[in-house]
Amino acid sequence: MNVFEHEAIKPELKQAIKQMGFEEPSPIQEKAIPIVLDGNDVVGQAQTGTGKTAAFGIPLLNKITASSDVQAIVLTPTRELAIQVAGELQKLSANMKLTTLPIYGGQSIGHQIKALKRGVQVVIGTPGRIQDHLRRKTLRLDRVETFVLDEADEMLDMGFIDDIESILKQTNKERQTLLFSATMPGPIRKLSRRYMEKPETVSISRSDVTAPSIEQLYFKVLERNKLESLCRVIDRYNPELAIIFSRTKKGVAELTESLQARGYFADGLHGDLTQSQRDAVMKKFRDSSIEFLIATDVAARGIDVDNVTHVINYDIPQDPESYVHRIGRTGRAGKKGQALTLVTPREMKHLRSIEKEIKMQIPTRDIPTIEEVVEKQQDAWKTQITNVIQASEETSIFDDLTEELLKDFDQKDVIQALLKMNYQTENNLSEEGYSFGETGGAKDGTLFH
Ligand code: ADP
Ligand code: MG
């Protein structure tokens, strides 16, 4: 039996699940929902994009009564996630009489206080702002039946651990506590031991989750050719919508500039942007007016865009956990994704520790040769050239030069020279230092093995 049909789930909730178009439960939903419905504390571990929100959301909403107390609280690491989770819970509760409220920093606290006064059963918020309300006594958690820590590892990374503990201490002791996380670092395990009652662990192994939907590959590159290598990978693998990760803010700025200069539709996201600048970049990415979003790990927190086709690690992450987070941005909601990682010789040790953590070997590919790239790009170039020809005026400033060139050279040679010139300016390529052998390996140490 499909767990969405579970007899304990209220009919109005079942109906909402149908309206949302969920036909089959995801593996984490299948495993976690019955245990949570039974009232157990649960630690759920599964990658991003596996449907964790409904896994806790359905049983949580199922328990809400007509009383106007805050009966459930969900803590999330970022404002964007708070809004998203609130949206999902709102859809799930569309046929129920209850109020959900997202609470996060940056929004007027007065507005939140007013909304809380009117009576809210489910609060979704970031730890900092929740603490704020607790201090002001505008929020009380002594009637909370369900406490959810969502994306717990990200909250840890963002330095919220003390806030979380303090909030837990102010919450009804009889509550049910649920903790969801993509990874389980030490401090999160400790938190679960201290604040949860005999928690049951439900985990969806990474290979279950990553293998079918995310293809992972890595490329050996040299530091000095890294940018060129990235461009070849991009041109060959042709992402529709990609997030490119860089280690530092400065790296994000530089890479954004380089890619824009080469004509790629790209923009960057880093910690120094104001919220409104960040929202503007995210909007461009969401509606696909840029194809490449370049970001640091911190800036990418909370990004949840369903149709990201590629995650590219321009800089390999230092720790395996960030790798898992990064690649979880693609292959979401049952779609296919590719995770491509550039690795320099010095970074091989990071790659090995990632492989150990994810319990699989990531296959390697050679950096695409110029021939492969050209092959892949031919159609795009033909379209571009056709467009230029169709848009051209009768006469142009190049008339005289064209006449002269065609007098001295064969048509074919002229066109080839122009294409070559164009590709070289686009990619700033000289063939020197790119002498790939027939097998794709380098003769001059461009690649290493
Ligand atoms: P996670 O919290 O694990 O990162 P989400 O709960 O945000 O994942 O779910 C990712 C996406 O998948 C959302 O758009 C959600 O609506 C969708 N989704 C969740 N469960 C199902 C399901 N059973 N069938 C289809 N889509 C689902
Ligand atoms: Mg989530």
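Some values worked out for this structure:
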| read-out | value |
| --- | --- |
| Range of Cα positions in the stretch 298-342 per principal axis (Å), largest first | 28, 21, 14 |
| Computed E for GLN377/ARG193 - FRET, C-beta separation, R0 60 angstrom, nearest 0.05 | 0.65 |
| GluC sites (Glu not before Pro) lying in DSSP loop within the stretch 239-299, provided at most 15 other Cβ fall within 10 Å | GLU240 |
| Candidates LYS173, LYS117, LYS336: whichever shows maximal mean-square fluctuation once the chain is modelled as a Gaussian network with Cα springs under 10 Å | LYS117 |
| The stretch 144-199 - percent of accessible surface contributed by carbon and sulfur, probe 1.4 Å | 45 |
| Kirkwood Rh, Cα atoms: Rg over Rh of the stretch 216-278 | 0.97 |
| Segment ASP279-ALA391, extension gain: residue separation times 0.36 nm, minus the distance between their alpha carbons | 36.8 nm |
| Label-reachable residues, the stretch 240-280, where backbone N falls under 19 Å from a point 7 Å from LEU217's Cα toward its Cβ | 240-245 |
| Cα centroid of the stretch 338-406 to Cα centroid of the stretch 142-193, whole Å | 45 |
| The stretch 120-258: equivalent-ellipsoid semi-axes (sqrt of 5 x gyration tensor eigenvalues, Cα, Å) | 41, 20, 13 |
| Pairwise Cα inverse-distance average, inverted: Kirkwood Rh of the stretch 1-97 (Å) | 13.9 |
| Separation of alpha-carbon centers, the stretch 100-133 and the stretch 18-92, rounded to whole Å | 19 |
| Potential extension, ALA94-ALA261 segment - 0.36 nm per residue separation minus Cα distance | 55.4 nm |
| The chain: equivalent-ellipsoid semi-axes (sqrt of 5 x gyration tensor eigenvalues, Cα, Å) | 49, 24, 20 |
| For the chain: accessible area per residue (Å², 1.4 Å) | 50 |
| Using a Förster distance of 60 Å, the FRET efficiency for LYS226-ASP399 (Cβ separation, nearest 0.05) | 0.90 |
| Under 5 Å, built H, 5+ apart or other chain: amide partners of THR99 | GLN121, VAL122 |
| Förster-model FRET efficiency, 45 Å R0, ASN307 and ASP408, C-beta, rounded to 0.05 | 0.35 |
| Modelled label reach - SER108, point 7 Å along Cα→Cβ, the stretch 257-286 residues with backbone N closer than 20 Å | 275-276 |
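The values are calculated or read from the model by the stated rules, or taken from the named source; none is laboratory data. Since we're looking at a predicted model, the values are computed, not measured. Cβ coordinates were reconstructed from backbone atoms using ideal geometry, including for glycine residues, and neighbour counts include every protein chain displayed. Calculation scope for accessible area: heavy atoms of the full protein, side chains included, ligands and nucleic acids excluded. Shrake-Rupley method; radii C 1.70, N 1.55, O 1.52, S 1.80 Å.
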